[in-house]
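**Student:** Before I ask anything, let me first share the structure, which is written out below as structure tokens.
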Amino acid sequence: MTTADGRRALGLGTPGETRARLNGLVLAGRKRATTRLASVYRDHGEPVETPGDQVVLVDDDGARVATVEVQRVEVTRFADVSWELADAEGDGFTALEDWRRGHRDSWREQGFDVADDTEVVLVWFRLVRGQQTLAIHAGQDPDAATGAVTVPIYATSTYAQDAVGVLRTGLGTGYDYSRSGNPTRTALQECLAAMEGGRHGFTFASGMAAEDTLIRALLRPGDHVLIPDDAYGGTYRLFDAVMARWGVRHTPVALDDLGQVTAAFTDRTRLLWVETPTNPLLTVADVRALADEAHRRGVTVVVDNTFATPALQRPLSLGADVVLHSTTKYLAGHSDVVGGALVVDDDGLADRLGFHQNAMGAVNGPFDAFLTLRGVRTLGVRMDRHCDNAEAVVDLLVDHPRVDSVLYPGLPGHRGHDVAGRQMSRFGAMVSFTVRGGADAAATVCSRTRLFTLAESLGGVESLIELPGQMTHASVHGSPLEVPANLVRLSVGIETITDLIDDLRWALRE
Ligand SMILES: Cc1ncc(COP(=O)(O)O)c(C=O)c1O
């Protein structure tokens, strides 16, 4: 095949793959949502692709097949393609020699002889899919053994090996022990990675387990971290009461004040911890601006994306290095499972996190991974409804005589409204407000609702109400992160909105 610019190009692939043309070059990519390597044989000329390019793939008849985003481009001699690269292509070869022979044969059939010094362009690309498509398909190919269309719960601690050290292939990378890897967990990890736009996902027994693993993977005694001055109480407690004893220091800063953040970096700062919007004050941080400042100093940026979820905000695309989740919340979405996740794009970070995930062992079990994945599949429609309902609740609260102030990034008067408008597609469904009359009046409101359940946590389909000062954020009492005593936090669910409004009106009566 000859391309428009005279280059000869060949796609590589196996049956079931999408063969298509990228900037005139024929590529092959599996019908999966994860990153794949495509190889292109060329006669001359520089690669026309550059990372970040989004390209529509068409088939030989010119019909649109998919959109891909180019991740990485490398030119190398055919003989220099390493097993790591060949394997990344995902073609199912089990040895480098087979890979070379397979491709030489297939190219020869198409009229091209490939010598050892023939130049090959290696293009890594990621299929660009809509968020809801990723939620339902990424990492969730029908089960290889049975064809089951939902990911099975692989309730096993260990796996038969074909010979000493020879692991089965076909369900992924091979499994030997479920702390190290489990196919149900792999499905969830791949799905979350794809939704966040990263190449590597890791899931854990809880959001706090994810935080602990991240911190111990990246930091050592003497290192310093900047954390939000209204961080989730459990995050603050982890740094203040646990990590401090291991010599990791932290400074709380107002992340929506770039000057304050810039002044707080020290030469030992290794990590900038961002939460946006924050729990429970709904402060918004400008991820891109913060990442620029941090990266200038060689500081890694983690964003806790629990409140927004990838349905509304994708921190990696804004420059963050790590995305963190309490999957307990919106991702799982039904208040029936506790879990956490980390997503990164960088291979080096992924190696460290993968090592620590296994070495520390705070993994989620297969049933928890299954429940979380089942929730994730409906994230998009749930978030739409959550946001609709939250906006209606905010309309009620802003005009209510018993409400002092309403904290919601969607309000034009909110300090972070413009930034949130730039980096979020909608403003989420967490709403906080202060009640006139102080802590007792706020506690009374919390005890009067009938549909909004008085409970900790958030992000489930049912509406919840709580008093952070005495509940979720009791651990920051007396600290710089203390929250107002009359602050009420709502997690607005997806019930019929008129019922929610009636419930709040009733609770807010004089
Ligand atoms: C923003 C945020 N991050 C992290 C966590 C910790 O997650 P988990 O409770 O799953 O350990 C929470 C829990 O409420 C949270 O709200």
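**Student:** Once the piece of chain linking VAL128 and GLU456 is laid out straight, how much longer is it, given 0.36 nm per residue of separation minus the C-alpha distance between them? The partial results should precede the final answer.
**Tutor:** Values: separation 328, 0.36 × 328 = 118.08 nm, distance 3.64 nm.
Here the segment from VAL128 to GLU456 would lengthen by 114.4 nm.
**Student:** With θ set to phi - 60°, apply the Karplus curve 6.51 cos²θ - 1.76 cosθ + 1.60 along the stretch 145-153 and write out the HN-Hα couplings as whole Hz, x wherever there is a Gly or Pro.
**Tutor:** So the J values, rounded to whole Hz, are 7, 10, x, 3, 7, 9, 5, x, 8.
**Student:** Can you give the convex hull volume of the alpha carbon atoms of the stretch 220-292 per residue, in Å³? Write down the numbers at each step before the final one.
**Tutor:** Working: hull volume 5.2 nm³, N = 73.
It comes to 71 Å³ per residue, whole-number rounded.
**Student:** Residues with amide H under 5 Å of VAL253's amide H, sequence separation 5 or more or different chain, H placed in the peptide plane at 1.01 Å from N; which?
**Tutor:** Residues meeting the criterion, in which the H sits 1.01 Å from N, are ILE227, ASP229.
**Student:** By Kyte-Doolittle mean hydropathy of at least -0.5 and Cα axial length of at least 27 Å, which whole DSSP H helices of the chain are selected?
**Tutor:** On the way: long enough: 379-398 (28 Å, 0.31).
Within the chain the helices that satisfy the rule are 379-398.
**Student:** When only DSSP loop residues count, what chymotrypsin sites (Phe, Trp or Tyr not before Pro) in the stretch 363-443 have their Cβ near at most 12 other Cβ atoms within 10 Å? Can you show the working numbers first?
**Tutor:** On the way: sites: PHE367, PHE370, PHE427, PHE433; in loops: PHE427.
Nothing satisfies the criteria.
**Student:** Over what distance in Å are the Cα centres of the stretch 259-302 and the stretch 362-409 separated?
**Tutor:** 25
**Student:** Give the Rg/Rh ratio for the stretch 295-353, taking Rg as the radius of gyration of the Cα atoms and Rh as the Kirkwood radius, to two decimals.
**Tutor:** Looking at the stretch 295-353, the ratio lands at 1.02.
**Student:** Quote the convex hull volume per residue of the stretch 365-413, based on C-alpha atoms, as a whole number of Å³.
**Tutor:** Values: hull volume 5.4 nm³, N = 49.
Spelled out: Cα convex hull of the stretch 365-413, divided by residues, is 109 Å³.
**Student:** Cα-based Rg of the chain per 2.2 N^0.38 Å, rounded to two decimals?
**Tutor:** On the way: Rg = 25.0 Å, N = 510, 2.2 N^0.38 = 23.5 Å.
Ratio of Cα Rg to 2.2 N^0.38 Å: 1.06.
**Student:** Convex hull over the Cα atoms of the stretch 250-317, averaged projected area in nm²? Before the final figure, lay out each step's value.
**Tutor:** Values: hull surface 17.7 nm².
So the mean shadow area of the Cα hull is 4.4 nm².
**Student:** Using modelled amide H (1.01 Å from N, peptide plane; none on Pro or chain starts), what sits under 5 Å from the amide H of GLY339, excluding residues fewer than 5 places away?
**Tutor:** So GLY339 has HN proximity to GLY207, THR327, THR328.
**Student:** Same structure again: Return the whole-Å distance between the Cα centroid of the stretch 464-510 and the Cα centroid of the stretch 99-113.
**Tutor:** Centre-to-centre (Cα) distance: 65 Å.
**Student:** Pull up all non-local amide H partners of LEU454: gap of 5 or more, or a different chain, and H-to-H distance under 5 Å with H placed in the peptide plane.
**Tutor:** Amide H to amide H, under 5 Å and 5 or more residues apart or across chains, LEU454 pairs with ILE465.
**Student:** Follow-up question, since we're still on this one. Per residue, what volume in Å³ does the convex hull of the Cα atoms of the stretch 317-422 enclose? Write out the running numbers ahead of the final one.
**Tutor:** Values: hull volume 16.1 nm³, N = 106.
With only Cα atoms used, the stretch 317-422 gives 152 Å³ per residue.
**Student:** What trypsin sites (Lys or Arg not before Pro) in the stretch 418-510 are in a loop by DSSP, with at most 15 other Cβ atoms within 10 Å of the Cβ? If you can, show how the numbers build up before the last one.
**Tutor:** Details: sites: ARG422, ARG426, ARG436, ARG448, ARG450, ARG489, ARG505, ARG509; in loops: ARG426, ARG436, ARG450, ARG509.
The qualifying sites are ARG436, ARG450, ARG509.
**Student:** Mind putting together the pair-distance distribution for the stretch 368-510? All Cα pairs, 10 Å bins, whole percent per bin, short to long.
**Tutor:** Reading the bins upward from 0: 12, 40, 36, 12, 1.
Here, each number is a calculation from the coordinates, and none is a lab measurement. Everything numeric here is computed off the predicted structure, so don't read it as measured data. Note that each Cβ is placed from the backbone with ideal geometry, even for glycine, and that neighbours are counted across all protein chains shown.
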